[in-house]
1. Contour minus end-to-end for Leu180 and Thr383, with contour as 0.36 nm per residue of separation and end-to-end as the Cα-Cα distance?
2. For segment 289-308 and segment 312-335, write down the distance between their C-alpha centroids in whole Å.
3. Quick one: which residues, 5 or more positions from Ala127 or on another chain, have an amide H under 5 Å from its amide H? H modelled 1.01 Å from N in the peptide plane, none for Pro or chain starts.
4. At 0.36 nm per residue, minus the direct Cα-Cα distance, what do Phe239 and Leu73 gain on full extension? Give it in nm, one decimal, please.
5. Rank these for me by crowding, Asp340, Asp334, going from fewest to most other beta carbons within 10 Å.
6. What is the gain in length, in nm to one decimal, between Asp229 and Glu188 on full extension, counting 0.36 nm per residue of separation less the C-alpha to C-alpha distance?
7. Tell me, what HN-Hα J-couplings in whole Hz come from the Karplus equation 6.51 cos²θ - 1.76 cosθ + 1.60 at θ = phi - 60° for each residue of segment 40-54, using x for Gly and Pro?
8. Note down the magnitude of the dipole of segment 3-414 about its Cα centre, charges +1 on Lys and Arg C-beta and -1 on Asp and Glu C-beta and zero elsewhere, to the nearest 20 debye.
Amino acid sequence: MNLKSLLLAGGALLSGTAASAGGYQVTLAGQKNNGMGGVGVGLSLDQAAMFYNPGALAMVKDRGVQVGVNLTLARNAFVAEGSNQQRELRNSYTTPLNFYAGFGPAEGKFRAGIAVYTPFGSKLQYANGWEGRTSLTDIDLKSVFVQPTVSYAITDQLSVGAGLVVLAYGAVNLQRDIALPDSYGHVELDGKADTKFGFNAGIFFKPSDKLSLGINYRSKIDAVVKDGDVTFSGIPASFSSRFQATKFNATLPLIATTSVGLGIMPNEKLTIGFDASLAQWSKYRVLRFDFDQQVNGSTVSESKRAYQDALTFRLGGQYKLTEGLTVRAGGAYDQTPVQDGFVTPETPDNDRISGTVGASYSFGKFGVDLSAQYVGIQKRTQTQNELINNATTDRIAGTYKTNIVIPGIGLNYAF
């Protein structure tokens, strides 16, 4: 048994940030933005500016409170190299959330607020007995970020802002089967991440009523998992001495992301946005885990990642049909950070293309926002020869294909 496969799925804990490409992460931080392809860096739509560009918050006309929830429904199919049998995921879903509250004087230049969002999370359950069962059977990731934010309009055209990003809660549960001479055992790893801090800062410039520009930087955070639980089951007594670990530690990097955005408002009814982001995934080279006791003769597990920096491009717009009704549409193209021969079951990733639609209806100070996304991840094949050449045989050769559907709803109140 190769120890590297024990915690292959652990990399998914940090396989993406909300503004990056890679993994199962899709930008779901604001319901209006979701309907516009995920744009927002160069716009000042609503309180979700705290996430997309804190510098734009001071330019948001209304103070307010908003809450949103999304439902991610992923379909993943896998065909092993040399096989014609297609394996599919068991049904699973996640529910990313977002909450924003913005405050400040009605006519003033200062705005402050609090944001709560879930920028990454994943739940995958592969078919029972699938070919990659010794790499991964189940993964369940959860995270909650909290961001107190301040923003100030230096002039009527220029504003700046920053937020303290707090990894308030992070949890990971990973499971896989263990190949034994006459049977399979099972291992489950369950851990919580320590509270860690980063920052989110931005600048927003609106030279005219028809044009706006923004730049945003989200810092790297090292998420540290200490004393995670390791539980073995189905291990015969004759092999139990080889699987003694009960705890693991790991430090996993949430990489930095830089984004620029452009907003164009040809008239009072139409808004168009374009964003480009660079995720610094090249910092993620190796995934290492340390165990309190031996696992098959070793207390250390390392798995190659060798990620590369990835770009994301987003385009979207909204049109105000009536005083109360606004409609939206958009799309995105994400480059994958995962190189050939380094694909893992928890991130069967490739370049992806997304399409989005959305709508809002306001009832005075109250409003409801609807959005829907379709994410198509291009088919990804890796061969056994690629795994051998890259010394990454702790994963499986074959072809992955993933599609994701994401409906969402939000409520907002302006004051």
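Any read-out appearing in this document is the output of simple, stated calculations on the displayed coordinates, not a laboratory observation. Since the structure is predicted, the reported quantities are computational estimates derived from the model, not experimental observations. For neighbour counting, all protein chains shown are included, and Cβ atoms are generated from backbone atoms with ideal geometry for every residue, glycine included.
1. Working: separation 203, 0.36 × 203 = 73.08 nm, distance 2.48 nm.
Result: 70.6 nm gained on full extension.
2. Each part reduced to its Cα centre gives a spacing of 44 Å.
3. Under 5 Å from the amide H of Ala127 lie the amide H atoms of Glu88, Arg90, each far enough along the sequence or on another chain.
4. Values: separation 166, 0.36 × 166 = 59.76 nm, distance 3.91 nm.
My answer for the length gained is 55.9 nm.
5. Numbers: Asp340 14, Asp334 28.
Sorted ascending by nearby Cβ count, the order is Asp340, Asp334.
6. Values: separation 41, 0.36 × 41 = 14.76 nm, distance 0.80 nm.
Fully extending the segment from Asp229 to Glu188 adds 14.0 nm.
7. Per residue, the Karplus-derived 3J(HN,Hα) values read x, 5, x, 10, 10, 6, 6, 5, 5, 4, 4, 8, 6, 6, x Hz.
8. Numbers: 37 positive and 33 negative charges, 122 e Å.
In total the dipole reaches around 580 debye.
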